[in-house]
Structure formats: structure tokens, C-alpha cells
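So the structure is just underneath, and the comments pick up after that.
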Amino acid sequence: MEMNEYLDVFIEESKEHIQALNSNLLELEKDPKNMDTVNEIFRSAHTLKGMSATMGYQDLADLTHKMENVLDAARNDKLDLDSTIIDIVFEAVDHMESMVFDIIDGGNGKKDVSELVAQLKAIEEGEPIQELKSNGDNLASTESTNTEAQMIPLSSLDEFEITVLQQSLEKQFNNFHISIKLDEGCLLKAARVYMVFEVLEQMGEVIKSEPTVAELEEEKFENDFAVILITQDDQDTVKQKIMKVSEVSEVLVSAFEMNAAAETSQMEESAQSSENKSAPVSKSEEAKKQNTSKTGQLTSKTIRVNIDRLDALMNLFEELVIDRGRLEQIAGTMKDAALQETVEHMTRISGDLQNIILNMRMVPIDQVFNRFPRMVRQLAKDLNKKIDLTIHGAETELDRTVIDEIGDPLVHLIRNGLDHGIETPEERVAKGKPEKGTLTLNAYHSGNHVFIEISDDGAGINKEKVIKKAISNGVIEEDQVATMNDSQINQLILASGFSTADQISDISGRGVGLDVVKNTIESLGGSIKIESEYGKGSLFSVQLPLTLSIISVLLVEVGKEKYAIPLSSIIETAIINNKDIMNAHNKQVIDFRGKVVPLINLKEIFEVPGEQEDDTFHSIVIIRQGEKMAGLIVDSFIGQNEIVLKSLGNYLTDVFAISGATILGDGQVALIVDTNALIK
């Protein structure tokens with residue numbers, strides 16, 4: 001039987017089952033006696049085993065079969081599940097996931113899982129837990145011995161770490177891979193590691209360590225460890241400074257190769273792209289899928305649609321929107337009743353069609369959120385912290401294009417919150433806090449935007465250290481500090497200067513890569529806002545547009561040119577008298593409902609040809625971004641319209657305050673104003 005035609009279906013369904021396994025195992029860990037959850041896990045494992053065997057992926061089928069046997073023993077009351085057994089089952093799911101991703105990358109899905117299969121078999125046969133723990137420790141020890149002396153694998157770097165390394169090269173910093181070996185008889189290995197890291201942080205910034213910092217602190221390594229360092233020092237200087245630490249026997253310093261890292265990143269992006277090819281298309285479909293998993297039967301009529309087809313459909317509809325605008329204009333000019341009636345009917349039909357197409361592209365943000373519980377569980381173990389993750393609003397929907405891009409920035413914000421926000425249990429108890437920290441993810445709709453909030457009850461941001469760091473890095477001048485409020489100070493950690501500078505304070509990590517997060521979010525037409533209270537916690541609020549394709553705008557005229565201002569940024573429009581315009585700090589301002597609002601003349605900003613007219617009255621568009629407002633002076637209002645957002649292309653990427661263009665019904669091109677850039 002030819003299997004290639006079934007490969008895509010196998011991959012998509014395997015990923016769904018693995019996600020279900022992860023989610024249900026997290027629930028089972030909270031309540032090991034819940035047989036309903038055990039049955040859910042068993043069904044997913046059983047289905048995955050059958051699919052793998054049919055497709056010929058024997059290693060995957062064997063591992064799943066052994067896990068299925070353990071679950072079968074548990075649901076038949078032959079085995080009591082505990083944290084040790086659940087950890088081993090989690091490890092089995094990790095191996096299954098890596099096999100599936102190997103298949104996605106064109107591999108054969110083979111992996112040596114004999115040790116894990118033996119452990120699962122021992123559990124099934126009722127071997128004492130103490131012995132299993134010993135076996136697990138031996139396995140971990142063996143893995144540590146085999147990997148400790150190796151280079152840090154490129155695949156272990158995420159997109160943000162790679163981006164930070166690339167940016168450091170652009171700023172003439174050096175990226176070094178450093179392998180360090182301690183003396184064989186070294187007794188206080190953790191102390192020596194601490195001293196080495198002190199030296200490294202004086203020279204630059206450590207981006208990655210292998211083993212992890214937590215493992216190094218707990219001495220879960222033999223004598224070798226490796227780090228990736230960003231610094232301005234040369235190789236010889238770095239080596240000499242590290243060798244000054246006593247009981248360091250060997251130091252190997254080499255340039256970190258970014259070409260290979262970039263290739264690895266591209267492979268991961270390719271895998272991620274494949275993963276997104278069959279995203280659910282509506283809330284109702286998601287609900288039906290949940291019903292399917294509970295009953296084991298197909299209760300809905302759904303089909304999988306390749307996302308490329310939806311993109312093609314959207315592109316065709318965008319052309320239809322342009323032609324619809326043209327027909328409306330022609331009908332208005334000709335004043336023909338029959339034509340106007342037909343055009344109005346077509347407008348209603350195409351509006352309904354537009355909503356259907358946009359809804360087909362909408363994906364629940366749960367697609368992104370569902371990988372976070374497992375990630376938080378693992379990070380909490382690695383960091384020796386107790387963390388409770390709470391998720392609200394996972395059913396909130398976003399355009400598939402936005403979903404594809406927002407995952408990695410959210411991962412980075414969560415990692416920062418866990419690593420540098422929430423304290424260790426001992427530190428929390430000393431501060432009078434519960435030993436278990438709380439990380440909360442919240443998503444909700446507001447107007448034409450979706451808000452995603454990531455909050456923690458950790459240490460918060462030390463504003464004094466942020467200011468000191470920003471001044472030393474040249475991000476701000478010392479005389480600017482007096483005029484800055486708390487919100488502006490918090491935003492400083494998003495500046496690129498924090499990514500590759502020498503680390504001299506405990507705010508390390510709160511800035512690593514956060515400029516990349518900010519750039520990614522702003523490239524989607526969104527924004528990020530930070531609130532923090534030192535000692536009590538932080539809140540990162542991300543604002544994103546619902547869709548990036550078709551937007552509602554206010555068309556305005558400036559001279560003989562037309563501009564489109566997104567309605568989502570507009571508070572209201574107004575006509576003001578010339579005498580109401582005041583001057584403050586050499587800028588024109590108006591009093592708008594008790595607030596001083598600066599005026600921006602679009603004719604001057606965009607250098608529109610024509611003489612500046614000294615009118616008695618001015619047409620003003622009041623826009624807002626966050627807490628900031630501004631008034632745009634235009635010549636006249638044309639009206640509200642729905643337009644198709646078109647890119648300006650690769651040759652016009654740096655046009656100030658213009659985010660794109662659109663084609664109007666009369667064939668004219670109107671530029672779309674980037675209100676965020678104007679307010680800044």
C-alpha cells in the first residue's frame with residue numbers, strides 16, 4: 001500500500017494526539033485517581049499506536065504500546081499512578097514528539113528508546129518504585145555522561161537567542177562557544193562554576209549554558225560544561241581570565257558559527273510551518289473535536305483544508321472588494337436606480353462572504369496556549385521553582401497569520417517571567433509570599449483588537465537598576481530621567497541596548513531578546529505595554545489586530561492626495577477654529593476634553609505639494625496609542641471605507657509613518673497612515 005498519500009494525515013493527527021496526551025497528563029498529575037483522564041490518555045495512546053504500526057514506524061509503535069500497557073494496568077486497578085510513573089510517561093511522550101518531528105523533517109522516525117521501553121515494562125510488571133527511581137537516575141547519569149563534553153547543539157537555541165547572536169555580530173561583538181573543564185578532584189564544583197560565571201558576566205553576556213544553570217548549581221554534571229558568550233574581548237583574553245579561576249584545568253574558546261544556527265532555525269521554522277497547515281477553522285469545529293475525543297466517535301461534519309487554499313481565496317476576495325468599491329462609485333455617479341439596487345445587493349452579499357472567509361481564517365489562540373502548560377511544568381522543575389499556571393480566554397480567536405507569528409514572542413515573555421520574575425520558594429517565603437508563584441495568561445477581544453496579558457506575582461522590575469543600565473548603555477541620557485514616568489521606565493527594557501550589553505545586575509534576562517519581541521509584535525501592527533510593581537510582580541500586555549488583510553479606515557484628503565487612517569486608532573473627528581489652536585514648547589496644541597493634545601499637520605509630514613492655506617477652520621482626526629493622543633490636521637474627510645491592505649514591497653520598507661497602500665474604487669492609490677509612528 002502506498003503510504004505517502006496518508007503521511008500528511010498521519011502527521012497532523014499524531015500531533016493532535018500528542019498534544020492531547022500532554023494536556024491530559026498535566027490534569028492527571030493533579031488528580032492521579034481520575035480514571036476518566038486515564039481513559040482519555042489510553043485512547044490517544046491506543047490510536048497513535050495503531051496509526052504508527054500501519055505507517056511502518058515501529059519504534060514509535062513499540063514505545064506507544066508499552067505506555068498503553070501501563071495506562072491499561074492503571075485503569076484496571078492493577079497499578080497506582082504516582083509522580084515518578086507520570087514523569088516516565090511524560091518522558092515517553094517527549095520521545096514520541098521528537099520521532100514525529102523527525103518524520104516531518106523527512107526522517108524515518110527511528111530512535112533508541114530501549115531504556116525507556118524497559119522502564120515502562122518494569123512498571124507494568126509491578127517492579128518496586130524505588131528500583132525504578134534508581135534505574136531512572138542511572139539513565140539520567142548515563143545521558144549526562146554522554147552529553148556533558150559535547151558542544152552546545154544548535155538545535156537547542158530558540159529563534160530569539162539566534163536573533164540576539166545575529167544582532168551582536170552586527171554591533172561588532174564577538175560570539176564565542178566556550179568549553180570549560182574542572183579538575184578531576186574538584187570538590188566544590190558549584191562554587192567553581194559560580195566563580196567562572198562571575199568572570200564571564202564581567203566580560204559580557206552568557207546566552208546559553210549546557211547543562212542548564214540550575215543543573216550546574218546542583219552539581220548535576222561531571223567536570224565539563226559549555227556556554228555561549230557575547231563579549232567585546234578577544235579569544236585569548238577570554239581564555240586567560242577564565243583560567244585564573246582555581247581548579248579550572250582546560251578552557252577551549254572558539255567562534256560560534258551563525259550560518260549553521262541560521263540553517264537550524266530555518267529547519268525549525270519549516271517544521272512549525274508544516275504544523276500550522278491544518279489549523280481549525282472555527283470555534284464550533286473546535287468544540288466538535290472535543291466532543292469527538294470524549295465519545296470516541298465522529299459527531300461532526302468537518303474537512304481539513306490546506307491553508308494555502310484559504311490564502312488564495314482571501315486574495316481573490318481582496319480583488320473583489322476593490323471592484324465592489326469601483327461599482328459603488330459608478331452607481332453613485334450614474335444615478336441609475338436598477339444599477340444602484342443591484343450594487344447594494346451585491347455589497348450585502350459580499351459583506352457576508354467577507355465575514356465567512358475571515359471566520360474561516362480565525363484560529364483559537366488555544367493553538368498557541370496549549371503548549372505552555374507542559375513548558376511551564378518543565379521549566380519549573382529545571383529552575384527548582386513552584387509555579388501555578390492559570391489560563392483564561394484560550395477560546396479567543398485571531399487571524400491565522402497573526403497566530404503563526406505570535407507564538408515565539410509569547411514563549412520568550414513566559415520564559416522571562418519564570419526565570420527572572422518569579423522567585424524561588426525560599427525567597428518567596430522570606431518575603432511573606434506563598435511559596436508557589438502564579439503565572440497568568442489572559443486573552444480577550446476589545447474592539448478590533450485582541451489583548452494577551454502575561455502577569456506574574458514575582459519580584460517585579462527594579463526601576464533604579466533599569467535606569468542605571470539604560471544610562472550606561474546609552475539608551476537614555478541622565479537628564480531625561482526626571483521627566484520619565486514609571487511606564488516609560490518599564491519600556492526601557494524593550495530597548496535593543498539591553499540585549500548585548502555587559503551584565504552587571506540582576507535584571508539580566510529581563511532585557512535579553514525583548515527588543516526582538518517588541519519588533520515582532522509591532523511588525524504585526526500591535527504594541528506591548530509593561531506594568532510592574534517592585535517586589536509584587538509584572539504585567540506584559542500585548543495588543544494585536546484581529547486580522548491583517550482587510551481593515552476599516554477613514555479616508556481623508558490632504559492637498560490632492562488621499563490617505564487612509566485605521567479606524568481602530570481614531571477616537572473621533574472634529575472641526576476646530578483657528579483661534580482654538582495654542583502653542584506650547586514650539587508645538588501647536590489644542591485643548592481636547594481637558595487634555596492637551598499636540599497637532600500634526602499631515603501636509604507638512606508627508607510633504608504634499610501645494611501651498612499651505614491659512615484657513616479659519618481645520619478638519620482634525622484625533623488618534624490614540626496607549627495613553628498618548630495626537631490630532632492630525634487634514635484638508636477634508638471623505639468617509640469610512642473597508643480597504644485591502646497591500647504591502648509597499650521590498651524597495652519601500654523605510655517610508656516614515658506609512659504602513660502600506662490600497663487601491664480605491666476609482667483606481668487611485670491611497671497610502672495607509674501608520675498612526676503609531678506619528679505619535680512616537
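The values are calculated or read from the model by the stated rules, or taken from the named source; none is laboratory data. On a predicted model such as this, the values are computed, not experimentally measured, just so you know. Cβ atoms come from the backbone with ideal geometry, glycine included; neighbour counts cover every protein chain shown.
Within the range 342-366, being part of a helix (DSSP H, G or I) and β-branched (Val, Ile, Thr) holds for Thr342, Val343, Thr347, Ile349, Ile356, Ile357. Among the residues of the range 26-58, just one is more than 21 Å from Glu13 (Cβ to Cβ) and of a type in the set (S, T, N, Q), namely Asn34.
Checked against (1) in a helix (DSSP H, G or I); (2) buried (at least 18 other Cβ atoms within 10 Å of the Cβ), Asp236 passes all but condition (2). Of note, Ile403 satisfies the criterion of being crowded, with 20+ Cβ neighbours inside 10 Å and closer than 23 Å to Glu16 by Cα. Just one of (1) buried (at least 18 other Cβ atoms within 10 Å of the Cβ); (2) assigned to a helix (DSSP H, G or I); (3) among the hydrophobic types (A, V, I, L, M, F, W, C) fails for Leu398. It is (2).
At pLDDT 55 or above, touching a His at 6+ places or on another chain (Cβ under 8 Å) and of a type in the set (A, V, I, L, M, F, W, C) - does that describe any residue in the range 162-178? Within the range 162-178 (the criterion being at pLDDT 55 or above, touching a His at 6+ places or on another chain (Cβ under 8 Å) and of a type in the set (A, V, I, L, M, F, W, C)), the answer is no, since none of the residues qualifies. Within the range 397-417, being charged (D, E, K, R) and without any contact (Cβ under 8 Å) to a residue 60 or more places away in the chain holds for one residue alone: Arg415.
Entry remark, the range 445-482: residues being in contact with a strand residue (DSSP E or B) (Cβ under 7 Å, 6 or more places away or on another chain) and either within 25 Å of Arg377 (Cβ to Cβ) or of a type in the set (Val, Ile, Thr) (or both) number 10 in total. Residues in the range 406-444 that are of a type outside the set (A, V, I, L, M, F, W, C), buried (at least 19 other Cβ atoms within 10 Å of the Cβ), touching a strand residue (DSSP E or B) at 6+ places or on another chain (Cβ under 8 Å) and under 16 Å from Lys529 (Cα atoms): Pro409, Gly417.
The helices (runs of 4 or more DSSP H) falling completely within the range 31-132 that include 1 or more residues that are touching a Gly at 6+ places or on another chain (Cβ under 6 Å) and free of Cβ contacts under 8 Å to residues at least 40 places away in the same chain map to 83-104.
The residue of the range 636-680 that is nearest to Phe592 (Cα to Cα), among those that are charged (D, E, K, R) and surrounded by fewer than 19 Cβ atoms within 10 Å (Cβ to Cβ), is Lys680. Among the conditions (1) over 22 Å from Gln167 (Cβ atoms); (2) modelled with pLDDT of 85 or more; (3) surrounded by 17 or more Cβ atoms within 10 Å (Cβ to Cβ), Leu216 misses just one, which is (2). Being within 32 Å of the chain's Cα centre (by Cα), in the same structural domain as Glu427 (by TED's automatic domain parsing) and over 30 Å from Gly537 (Cβ atoms): is that true of Thr396 here? No; evaluated as a whole, the condition is false for this residue. Take the conditions (1) buried (at least 17 other Cβ atoms within 10 Å of the Cβ); (2) under 26 Å from the mean Cα position of the chain (by Cα); Asp59 misses just one of them, which is (2). Listed by first and then second residue, the pairs with beta-carbon distance under 8 Å, at least 6 apart or on different chains, first residue in the range 573-598 and in a loop (DSSP other than H, G, I, E, B), second modelled with pLDDT of 85 or more, are Ile581/Gln588; Ile581/Val589; Ile581/Ile590; Ile581/Leu599; Ile581/His618. Set side by side, the residues Ser532, Ser568, Ser538, Ser487 differ, and just one is modelled with pLDDT under 85, among the hydroxyl-bearing types (Ser, Thr, Tyr) and assigned by TED's automatic domain parsing to the domain that holds Lys433, which is Ser487. Among the residues of the range 421-437, is there at least one that is of a type in the set (Gly, Ala, Ser), assigned to a strand (DSSP E or B), out of contact with any Cys (no Cβ under 8 Å at 6 or more places or on another chain) and touching a residue at least 24 places away in the same chain (Cβ under 8 Å)? Taking every residue of the range 421-437 in turn, at least one turns out to be of a type in the set (Gly, Ala, Ser), assigned to a strand (DSSP E or B), out of contact with any Cys (no Cβ under 8 Å at 6 or more places or on another chain) and touching a residue at least 24 places away in the same chain (Cβ under 8 Å).
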